[in-house]
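Okay, structure first, notes after.
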Amino acid sequence: MAHKKSKKYEILPDPVYQDEKVAKFINHIMRLGKKTVAQKIVYEALDIIKEKTKKEPLEIFQSAINNASPSVEVRSKRVGGATFQVPVPVLGNRKLTLASRWIVKAAKTKKGAKMQEKLANELMAAANNTGEAIKKKQDAHKMAEANRAFSHLAR
């Protein structure tokens with residue numbers, strides 16, 4: 001049966017940096033529709049990055065997202081009675097979504113400091129190719145590499 005194509009919503013760039021990726025990242029931070037709280041967390045985290053690194057925080061943010069973005073992932077596919085983990089390339093917005101999700105989750109799971117500080121630390125770690133989000137990406141790549149034998153099942 002054919003499904004109706006879902007409508008793509010246009011996300012406006014964020015008010016401070018005029019960047020669409022930052023706006024999407026804010027939406028990943030947001031809980032229960034409290035966007036101003038999410039914006040405050042992200043902007044304060046970017047200010048902390050600016051203080052600590054003395055670099056442009058948007059560049060650190062961009063490199064963190066790029067470093068944490070996976071190029072392949074595994075998807076389950078049933079063939080006969082067996083389920084195979086089939087490696088497939090990650091396309092388009094899913095890269096940004098996965099990277100954002102992993103960075104936010106890594107920051108949330110840490111104990112102690114405020115969310116702004118935890119998020120700033122995780123973004124700086126991802127920009128330096130370290131941290132939990134990068135480990136998650138490497139795990140996804142290892143999983144895809146281990147299941148490369150089933151790549152012929154992808155379509």
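When the listed pairs K54/K108; K95/K136; K105/K137; K35/K108 are checked against a 19 Å cut-off, the alpha-carbon distance exceeds it for K54/K108. From the Kirkwood radius over Cα pairs of the chain, Stokes-Einstein at 10 °C and 1.306 mPa s returns a whole-number translational diffusion coefficient of 93 µm²/s.
Within a straight-line Cα-Cα reach of under 17 Å, K114 can be paired with the following aspartates and glutamates, leaving aside sequence neighbours fewer than 8 residues apart in one chain: E44, D47, E51, E122.
Bear in mind these aren't lab numbers, they're just calculated from the coordinates by the rules spelled out. Because the structure is a prediction, the values reported are computed rather than measured.
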